[in-house]
Amino acid sequence: MARKAAIIGGGVIGGGWAARFVLSGWDVNVFDPDPEAERKIGEVMANARAALPALSDVPMPAEGRITFCGTITEAVEGAEYIQESVSERLELKHRVFAQIQQASHGVPIGSSTSGFKPSELQENAADPSVIFVAHPFNPVYLLPLAEVVPSAKSDAKVIENAKEILREIGMFPLHVRKEIDAHIADRFLEAVWREALWLVKDGVATTEEIDEAIRMGFGLRWGQMGLFETYRIAGGEAGMKHFLAQFGPCLTWPWTKLMDVPEFNDELVDLIAGQSDAQSGKYSIRELERIRDQNLIGFMRALKDRNWGAGKVLLDHDARRRAAFHEDLASGAGAPLELVKMQVLPGWIDYNGHMTEGQYLSAASEVSNAFLRLIGAGMDYVEGGHSYYTAETHIMHLGEAKLGDRLTGTLQVLGVDEKRIHAFICILRGDTVIASLEQMFLHVDMKAGKACPAAPEVLALLMPIAKAHEALARPEAAGRHVGQRR
């Protein structure tokens, strides 16, 4: 039976939370009085389905169910985690917490607040010990950070339980040890935002020029090393002490206006909004979201390949879900394993505008590599001197993939022994198979240069999957010879 979370408030952030939980296999109840909430969250869910699986190298769990409820009481019934994401008004949050706690007792209640301290949220609550800050970043279904901020009244066991739940859905709970207005990340962002407003107001830069300064320069460094590690490198071989000695005196220079705020009036709003429209108005918000998501996937996949930054969180989450997968094969291994999500990129297509033959093989390699990682035969295993080599491949082209198409790679085990894996890979666009590849993998002692039995720990993970797949219908194309009529 799926676990259940409740999301109170279904805006951009609440919808992102709902998508993250649902795609992690949780059932989700949502309450939001907005009559458009179901449509809006449906659009967020569509974006999340296209994005989050692309970060995973382990079969995704079966989606949970999402239910839209008419009352807060109905929404929180049976939930083991509750996330409040209503508007940033303290009196509204207090009313919501009071309604939640009339129907729910002892359940962690995280708040998506970007500014309020947990002690402010807990004021006059029936049970303040279970209310805390769990502040995420948009898009919640992709970015792992959640600032977890307790107060002196918080129950330490509840906070640890909440952090574990966040890890289970692939997030990185950053435990903020001392409560403070706006926590950590938003205080930093607010400082940058204030300076940016002055630069626009004073005519020094446009919104586009400021964004270019970030995305073409230091923003790329921050995404994988943050602030202090970036500056440590800037100090050269002498490190951080040299950097501080070199740039510390600048702190007394009038480089910024961080303590001053430009007057917030219609003139400033029109100036910022007009420049922003000129910069990005040719795209709809949904188009910008999809562009953002695909860029984030690329960045985060690169970090994942290097076990660095946000990529380390992805690898840790894969390991967690890989273990869960093997503990309960019945939850997913009885069907071809859905292992990889891809999108056809410009470099994948030929002069006809179709995906090239070589790219089909590359896509199949992504699927087989994901499968090998699943059974413990990934890069760590290869470094130990053993690997599975592709000994034979038969590919059938059944359809066409074009630029921008979203593809899914699945694998069915047809047979195994201690030295071989016989697999059938499908590349699908939606529910349509556009290519199938039948492959034979041979386990090899790389130093000796010959076949040998796989390690017992690999076979222990492989054999139960093969056993589960024995019940599947054998693909009609399996065992075909080249040129055989359909």
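Values in this text are rule-based calculations from the coordinates and carry no lab data. Please read all numbers here as calculations on a predicted model, not as lab measurements. Cβ coordinates were reconstructed from backbone atoms using ideal geometry, including for glycine residues, and neighbour counts include every protein chain displayed.
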Can you give me the angle between helix 310-327 and the longest principal axis of the chain, using Cα atoms only, in degrees from 0 to 90, rounded to the nearest 10? 50
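Over the chain, what is the percentage of antiparallel beta bridges among all DSSP beta bridges, to the nearest 5?
65
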Enter the per residue convex hull volume of the range 249-340, computed from alpha-carbon coordinates, in Å³ rounded to the nearest integer. 237
Neighbourhood charge, 15 Å Cβ-Cβ cut-off, centred on residue 351 and excluding it, Lys, Arg +1 and Asp, Glu -1: -2
Under the rule a/c < 1.5 gives rounded, and otherwise a/b versus b/c splits prolate from oblate, where does the range 323-401 land using the Cα gyration tensor? prolate
Three-way shape label, the range 417-486, alpha-carbon gyration tensor, a/c 1.5: prolate
With Cα atoms, 0 to 90° folded angle of helix 285-305 axis to the chain main axis: 60
The range 38-197: radius of gyration and largest Cα-Cα distance (Dmax), Å: 16.3, 46
Those GluC sites (Glu not before Pro) in the range 101-154 that DSSP places in a loop and that have at most 16 other beta carbons within 10 Å: 123
Below 19 Å, Cα to Cα, which aspartates and glutamates can residue 117 reach? Residues fewer than 8 away in the same chain don't count. 84, 88, 91, 127, 147, 155, 160, 179, 181, 186, 190
How many percent of all Cα-Cα pairs in the range 131-259 sit more than 25 Å apart? 44
When the Kirkwood radius is taken over all Cα pairs of the range 189-287, what Stokes-Einstein diffusion coefficient follows at 37 °C and 0.692 mPa s, in µm²/s? 207
Tell me, rounded to the nearest percent, the portion of alpha carbon pairs in the range 14-119 spaced more than 19 Å apart. 47
What are the extents of the Cα atoms of the chain along their three principal axes, listed from largest to smallest and rounded to whole Å? 75, 54, 46
Mind pulling the angle between the C-alpha long axis of helix 12-23 and the longest principal axis of the chain? Nearest 10 degrees, somewhere in 0 to 90. 30
